[in-house]
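Notes follow once the structure below has been shown.
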């Protein structure tokens, strides 16, 4: 329906992003799907109802014109954005002598700058309508330092972005209509791992947590969801 809410998702081609798109579509959302892998996005968009229910847009979150473009596409097609899930990100091997410097740079730009650019592109729309919901993918690794993990440091930064954004919309813009939720998954069975872990969460588990936060009444701001598999000890 034309008045169904719209959720924009980055990193939507697989894993948590794709699973969340499916959960949100089931909950009545129209979705705007962004990622670098356009072929996978197109397939997912067809699965979720085609042009009337889903947009697939190639988007590198480290590229400002790409991020501006997906927001413009969402507004052009659906005329609104009700929520954004800043989810794009990837990891690295532990150890400060591991991985290449170029891998580190790409990870930091995607995990940290990519979130900030996604916020920057969508915040004006939310401020204009005095409503909207930012959901940001953090990690258990963003709550405790992990040995040799630059990835952990990026997720600490993401947690800081989420709280800084929450304070900005309240204190600097005087808005109580814009909500911010950090979703911090533990071990999750996605392409993040070269060898898929057992006894892990599924992407759909995180997707349901995102939809839970989105579906709360307007006066409820779920600031953080920490979600681990029951078997994860730390």
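Bear in mind these aren't lab numbers, they're just calculated from the coordinates by the rules spelled out. Since this is a predicted model, take the numbers as computed values, not measurements.
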Fill in: Among (i) 25; (ii) 34; (iii) 46, the entry derived from the coordinates for percent of Cα pairs over 28 Å apart
(i)
Discussion item. Stokes-Einstein diffusion coefficient for the stretch 25-81 at 4 °C in a medium of 1.567 mPa s, Rh from the Kirkwood formula over Cα pairs: what value in µm²/s?
Written reply: 114
Discussion item. Based on alpha-carbon centroids, what's the gap between the stretch 72-98 and the stretch 106-171 in Å, whole number please?
Written reply: 10
Discussion item. Could you work out how much longer the chain between residue 100 and residue 173 gets when fully extended? Use 0.36 nm per residue separation minus the Cα distance between them, nm to one decimal.
Written reply: 22.2 nm
Discussion item. Please compute the alpha carbon radius of gyration of the stretch 150-234, then divide it by the globular-protein estimate 2.2 N^0.38 Å. Two decimals is fine.
Written reply: 1.26
Worksheet item: In percent, how large is the relative contact order of the stretch 46-194, given Cα pairs closer than 8 Å and 6 or more residues apart?
Response: 24
Worksheet entry | Calculated Rg and Dmax of the stretch 146-189 using C-alpha coordinates, Å | 13.6, 40
